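What follows is a single structure, written as structure tokens, with notes after it.
The values are calculated or read from the model by the stated rules, or taken from the named source; none is laboratory data. Since we're looking at a predicted model, the values are computed, not measured. Here Cβ is always computed from backbone atoms with ideal geometry, including for glycine, and neighbour counts include all displayed protein chains.
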Amino acid sequence: MSDVSTVPRHLPAESAGRALGRRRRPAAPGSARRAWVRRLPLLPALIYMIVVTQVPFLVTIWYSFRSWNLLIPGSNHFTGLKSYREAFADPTFLTAVVNTVELTASAVIIAMLVGGGLAVLLNRKFFGRGIVRTLLITPFLVMPVAGALLWKTTIYDPIYGLLDYVLSPLGIHHVNWLGTFPKQSIVALLVWEWAPFMMLIVLAGLQSEPLEVLEAAKVDGASTVQTFTRVTVPHIQRYVQLGVLLGSIYIVQAFGEIYMMTQGGPGTATTNLPFYLYDQAFNAYNVGIAAASGVIVLIGTEIVAMFALRLAGSLLDATQARA
Amino acid sequence: MTTVPSAPGTVPGATSKPATRPARRLDIERHKLYGRSRWYGHGWSAFTWVVAIILFFPVLWMVLTAFKTEGAAYTYPPQIVFHPTFSEFTGVFSGGIGPPLEHSLFTTLVSTALVLVLALPAAYSLSVRPVKRWRDVMFFVLSTKMLPVVAAIIPIYIVARNLRLLDNDWSLVILYTAMNLPIAIWMVRSFLLEVPLEILDAAKVDGANLFTEVTRVIVPIVVPGIAATALICMIFSWNEFFFAVNLTATRAGTMPVFLVGFITTEGLYWAKLAAAASLASLPVILVGWIAQKQLVRGLSLGAVK
């Protein structure tokens with residue numbers, strides 16, 4: 001029960017027990033036909049997902065053992081592990097791995113700090129709270145490609161950009177932001193986009209906190225800081241984990257921002273794995289290397305995803321227990 | 001669950017006045033539990049407003065720039081007060097925004113419809129009358145969302161080329177459906193779990209068959225949930241860039257692909273770019289504002305309400 005109690009419960013306890021008792025009961029045994037009737041509604045979606053999302057990965061594995069330049073007809077032939085050796089020998093690939101980890105980790109962590117702070121600020125009653133919330137979620141809703149284009153021009157421009165204007169009282173002038181600080185510039189944009197997402201999730205956590213508990217803490221003489229660190233933080237921990245997990249899934253695949261702002265440059269300073277793969281496939285037309293690095297990325301993602309799925313499992317139990 | 005102090009008078013050693021009368025407990029403003037003086041609170045409110053305006057400013061700036069002339073967009077210091085003009089918007093409309101807008105609308109609406117058609121029955125057999133291994137299925141569904149799409153782009157590109165689906169709306173429809181299906185299944189399932197079993201049992205006693213049960217009992221209850229799911233799917237499809245830029249070009253390019261065209265000319269046409277970017281973002285911003293309440297539930301796959 002202690003595990004469940006950190007989860008918001010919007011419905012009375014008896015319905016939770018009912019859901020567990022009734023809904024999780026497997027289909028009656030000895031009735032294969034009935035079981036198939038149950039499965040039937042699931043099959044179209046399942047088959048669709050397998051065909052569209054799993055088969056391409058299998059084909060990627062197949063291509064990774066071959067050499068094929070899309071522009072040269074007849075160049076498609078079996079080469080074994082050659083593409084893997086080439087991928088690992090390519091310094092750009094290794095840079096892309098490091099860049100992906102750096103960009104994702106810093107963007108997710110900073111976005112969570114900013115978003116969490118905003119959530120705490122919004123978790124109070126004040127004049128115009130609804131408007132402030134609306135303003136704050138808007139960056140997340142702006143089309144990422146449009147946002148990237150806008151930041152690149154109207155904000156980061158060394159001469160006419162807003163950033164230059166805002167920082168000019170500090171004596172900072174005509175800085176080529178994307179050239180001098182490419183990673184930081186990309187992270188700043190990603191944080192701007194994703195902090196609202198983190199804010200929404202943490203805010204949901206804060207608002208699900210039972211008032212009685214906060215009151216009890218106050219009655220017991222806990223200070224504001226104590227209440228926050230001892231009561232609120234443990235309560236929202238799960239929400240923070242969820243935000244970090246989902247944010248990582250999306251941000252690790254960031255492509256539009258890099259494509260629009262830096263094209264992976266200068267040099268390879270902002271080349272992340274998505275951009276590297278894109279570059280190999282559609283600029284170098286090198287199917288073999290692109291596929292091999294794709295497989296490596298796939299394995300890396302699977303390892304991370306295993307941890308993520310474990311967390312998702314606890315979420316699943318939470319939703320099940322709540323219903 | 002922590003025990004709640006039953007009445008203020010009986011709490012031992014309670015300082016002056018815990019403002020708790022059981023009947024009014026829910027009316028208590030949260031900030032009073034944290035807050036100190038009134039002015040302290042006003043300070044935080046003002047701070048929140050300032051932060052919100054700073055973070056919103058790039059969006060505002062985009063819209064403002066869209067109403068400028070190119071000359072006014074390029075000034076130092078940047079102009080906040082200027083003579084607004086619609087000329088860049090008309091320029092964008094006559095400059096070919098029509099087809100990308102149509103392609104975006106088509107791929108977004110058709111893929112969302114397909115997602116719902118596939119997700120509703122699937123979610124049903126994962127919640128109301130669950131299959132034996134519903135848990136494994138849920139995990140499989142989620143795991144497809146965690147796979148890096150970039151690693152699959154080559155086969156997808158080659159298959160699309162061989163099927164003559166390159167630069168075709170349908171290739172995006174197929175992929176967006178797969179992209180949003182996991183989100184929709186998780187989300188719709190979380191709504192279906194809220195349908196009271198008693199109602200289903202009652203319908204059965206009254207002789208409702210499966211079809212009646214679904215159309216007359218379940219769907220009316222979860223319509224708001226389905227709408228929320230649809231909105232989330234629309235947002236993701238509308239903004240999707242990776243597949244769009246790799247699989248489409250002139251004949252089926254969506255709005256994000258249309259914006260790529262501005263990279264080459266971005267040095268010269270900020271106002272036009274801002275106008276196009278504003279138009280591209282507007283639908284999702286509006287949808288997101290309307291669906292604020294459902295947004296967090298959708299983004300968290302139904303786990304957070």
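Annotation note: of A:52, A:101, the sole residue that is β-branched (Val, Ile, Thr) and within 8 Å of chain B (Cβ to nearest Cβ) is A:52.
Here's the yes/no breakdown for (1) within 17 Å of residue A:204 (Cα to Cα); (2) of a type in the set (A, V, I, L, M); (3) more than 8 Å from chain B (Cβ to nearest Cβ):
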{"site": "A:125", "(1), (2), (3)": "yes, no, no"}
{"site": "A:148", "(1), (2), (3)": "no, yes, yes"}
{"site": "A:152", "(1), (2), (3)": "no, no, no"}
{"site": "A:160", "(1), (2), (3)": "no, no, no"}
{"site": "A:165", "(1), (2), (3)": "no, no, no"}
{"site": "A:171", "(1), (2), (3)": "no, no, yes"}
{"site": "A:175", "(1), (2), (3)": "no, yes, yes"}
{"site": "A:178", "(1), (2), (3)": "no, yes, yes"}
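Within the stretch A:240-268, being part of a helix (DSSP H, G or I), within 8 Å of the chain's Cα centre (by Cα), within 23 Å of residue A:92 (Cα to Cα) and more than 7 Å from every other protein chain (Cβ to nearest Cβ) holds for A:248, A:250, A:251.
Give the residue, chosen from B:173, B:149, that is modelled with pLDDT of 85 or more, on the phi < 0 side of the Ramachandran plot, under 27 Å from the mean Cα position of the chain (by Cα) and within 12 Å of another protein chain (Cβ to nearest Cβ).
Of B:173, B:149, the one residue that is modelled with pLDDT of 85 or more, on the phi < 0 side of the Ramachandran plot, under 27 Å from the mean Cα position of the chain (by Cα) and within 12 Å of another protein chain (Cβ to nearest Cβ) is B:173.
Among residues of the stretch A:193-223 being polar (S, T, N, Q) and more than 30 Å from residue B:58 (Cβ to Cβ), the one that is farthest from the other protein chains (Cβ to nearest Cβ) is A:223. Can you confirm whether the stretch B:231-240 contains a residue that is closer than 20 Å to residue B:126 by Cβ, modelled with pLDDT of 85 or more, assigned by TED's automatic domain parsing to the domain that holds residue B:288 and in a helix (DSSP H, G or I)? Yes, the conditions are met somewhere in the stretch B:231-240. Would you pick out the residues in the stretch A:41-74 that are among the small types (Gly, Ala, Ser) and touching a helix residue (DSSP H, G or I) at 6+ places or on another chain (Cβ under 9 Å)? Residues satisfying the conditions are A:45, A:64, A:67. When we screen A:23, A:39 for residues that are surrounded by 13 or more Cβ atoms within 10 Å (Cβ to Cβ), within 29 Å of residue B:115 (Cα to Cα) and at pLDDT 80 or above, the only hit is A:39.
Okay, residues lined up against (1) crowded, with 24+ Cβ neighbours inside 10 Å; (2) out of contact with any Ser or Thr (no Cβ under 6 Å at 6 or more places or on another chain); (3) at the interface with chain A (Cβ under 8 Å from one of its Cβ atoms):
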site: B:242; (1), (2), (3): no, yes, yes
site: B:255; (1), (2), (3): yes, no, yes
site: B:261; (1), (2), (3): no, yes, no
site: B:269; (1), (2), (3): no, yes, no
site: B:273; (1), (2), (3): yes, yes, yes
site: B:286; (1), (2), (3): no, yes, no
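Matching residues to (1) farther than 27 Å from residue A:135 by Cα; (2) under 20 Å from the mean Cα position of the chain (by Cα):
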| position | (1), (2) |
| --- | --- |
| B:189 | yes, yes |
| B:193 | yes, no |
| B:205 | yes, no |
| B:243 | yes, yes |
| B:249 | yes, no |
| B:283 | no, yes |
| B:295 | no, yes |
| B:303 | no, yes |
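Just to confirm my filter: which helices (runs of 4 or more DSSP H) fall fully inside the stretch A:34-139 and include at least 2 residues that are touching a residue at least 12 places away in the same chain (Cβ under 8 Å) and farther than 30 Å from residue A:242 by Cβ? By residue number, A:55-64, A:82-89, A:91-122.
From the list B:175, B:200, B:166, which one is in contact (Cβ under 8 Å) with a residue 40 or more places away in the chain, among the aliphatic types (A, V, I, L, M) and not in a helix (DSSP H, G or I)?
B:166
Within the stretch A:177-209, the only residue that satisfies the criterion of being part of a loop (DSSP other than H, G, I, E, B) and either modelled with pLDDT of 90 or more or surrounded by fewer than 16 Cβ atoms within 10 Å (Cβ to Cβ) (or both) is A:181.
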